1. Can you find even one residue in segment B:206-225 that is part of a loop (DSSP other than H, G, I, E, B), surrounded by fewer than 24 Cβ atoms within 10 Å (Cβ to Cβ), out of contact with any strand residue (DSSP E or B) (no Cβ under 7 Å at 6 or more places or on another chain) and within 12 Å of chain A (Cβ to nearest Cβ)?
2. May I ask you to list the residues in segment A:118-163 that are part of a loop (DSSP other than H, G, I, E, B), within 24 Å of residue B:44 (Cβ to Cβ) and in contact (Cβ under 8 Å) with a residue 24 or more places away in the chain?
3. Scanning segment B:147-170 for residues that are in contact (Cβ under 8 Å) with a residue 40 or more places away in the chain and over 16 Å from residue B:65 (Cα atoms), which turns out surrounded by the fewest Cβ atoms within 10 Å (Cβ to Cβ)?
4. Take segment A:304-323 and flag every residue that is crowded, with 22+ Cβ neighbours inside 10 Å, touching a strand residue (DSSP E or B) at 6+ places or on another chain (Cβ under 6 Å) and assigned to a loop (DSSP other than H, G, I, E, B).
5. Does residue A:231 satisfy the condition of being outside any helix (DSSP H, G or I), under 20 Å from residue A:178 (Cα atoms) and either more than 14 Å from chain B (Cβ to nearest Cβ) or at pLDDT below 95 (or both)?
6. Which members of segment A:196-228 meet the condition of being assigned to a helix (DSSP H, G or I) and either surrounded by fewer than 18 Cβ atoms within 10 Å (Cβ to Cβ) or within 14 Å of chain B (Cβ to nearest Cβ) (or both)?
7. Give me the residue from segment A:341-361 that is part of a helix (DSSP H, G or I) and touching a strand residue (DSSP E or B) at 6+ places or on another chain (Cβ under 8 Å) and, out of that set, surrounded by the most Cβ atoms within 10 Å (Cβ to Cβ).
């Protein structure tokens, strides 16, 4: 018989302010007890909803009020090793608002603000995502680029610690570069993985787009900018290996669509491809996907690719969260990519469509696409 | 009394935190100067103060990495050709790895099948033979590429190379021993071969650890049982200097090998037999002289049974009854 949950122990007895304070004191929230997770909120409200981004569960779940108190709770079964981002929606006096969980200090930031984060049983922040004082940091510098295809572009350039002009380096091009830096801690990740010899010293171009929904949706101009303008410019200024195996392009969501469509337009140029939670919307009949007109050009591209899949790269790493609706599209993309003969690795995680999910997959993806000198260095 | 063919070669485990090199040097009674090779440290080659102090400040660093850079600056045609050859070798390594991963996967699948014992044994042996053949094929390919390069660029008589080799011979003539440190094994073996070090150390006692020990074996095996990208597959890099033939050197077993996994150990041993697979934990060492090992300290020998036993310990026969 499983042990009674903490919340049940509380509400099964006589409730008073002292017991509630004792319950709230010194405890981590949400309360994780095996796969049972209890969300708790304390305050005046007419009703409280849990808002989360787990595809497959109701996106809004009502918390129950402990009778006669301002304590609200909801217990859900959440599988081990999950990361769930959430907020509370508080209804009070005819108004409502979404707030972060005041009892949970764990936050994830994204371009829209921040969410509270539930880490279920077994999940731990990977050590390589945290600052390591013994790791030598690389250098990040902003760049601007006058593109013939797209006009002025901006981004950041990463050079590894101990960068030397006498050496040659692989190149990684990242879509939504500033977001990867800001929300996925990608400089720290690169510094750590390079320090641990798990990926090679590399030069990374973090590119940004002022209109990503347009430019990342299979836009020929964007593919041309990256492939025919940015890479040659970087190759002229930095010692880059001139081999497809040493050129990787990556992105998440629409950025993944752009990465794939860029590789598709320049087959063989980008020898390594890393796509995370790709928005690979498609239709089996008709042209309009349920996701709406924003996806029309994506659907057109993905439908074309699905009709005639071809080799666009040598190695493709695909990752997706099982709690995002795109898991269906990504799962169905994998056999298509594999059937072309490309070396494809697909990784699923119990996470959603968010930056920390994409961060957590970087080690496995990058070290598989571009292994570091770990196999070569024996101190 | 039989005269020794060449002075001893000592293989050691990692020396970084608690070196045992000094003890090995004392044991062999080396009192003269010691040439050190730290080319595996690449650009940090000259940061050898601790090593030098450990050896009583009687060292001279051959600076093979910096020497290589200088040589390539002096001889850009050779530099370009060398770079091209390295790119070609990397390509070959990639393709070899693709084949190897498929062979290993087939082996893994076959090992999980249920079949009559004699059929299973025959098929397991066949997949092992396939892997061994692939390893040999790759080694032959690397040897051919290197030989073609050396013949085409006539390294033995090319003035820019000869000058460095003569300088090195001069330095080594004043040394009793050579100590080869670990680091990047591919860089190290490249520099050792480029400067013909194998031909210059016939009369020297050689101490080599980690990547250094791998580089002087006759077959360099890259290995890691649990790299970040998933289950690891050992692979042949290339031939080494061949100072200790018939030995596969496996440094840092503490963090690279699952020695408790009998199936993995067994497969490794069978893949490279009849070579002796030696795991060299930190501070371990073993001396090789005229084809015979002696003075083993904490060295583990990987056995066909799948066990890793201290070198010299005979495996116990397990009675069937």
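The values are calculated or read from the model by the stated rules, or taken from the named source; none is laboratory data. Keep in mind the model is a prediction, meaning the values are calculated, not measured. Counting neighbours? That spans all protein chains shown, and the Cβs are built from the backbone with ideal geometry, glycine included.
1. The answer is yes; a qualifying residue exists.
2. Residues satisfying the conditions are A:131, A:132, A:134, A:135, A:136, A:137, A:138, A:160, A:161, A:162, A:163.
3. This residue is B:152.
4. A:313, A:323
5. no
6. The answer is A:213, A:214, A:220, A:221, A:228.
7. A:358
Here is a yes/no grid of residues against (1) closer than 25 Å to residue B:184 by Cα; (2) surrounded by 16 or more Cβ atoms within 10 Å (Cβ to Cβ):
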{"position": "B:70", "(1), (2)": "yes, no"}
{"position": "B:74", "(1), (2)": "yes, no"}
{"position": "B:85", "(1), (2)": "yes, yes"}
{"position": "B:93", "(1), (2)": "yes, yes"}
{"position": "B:116", "(1), (2)": "no, no"}
{"position": "B:129", "(1), (2)": "no, no"}
{"position": "B:135", "(1), (2)": "yes, yes"}
{"position": "B:140", "(1), (2)": "yes, no"}
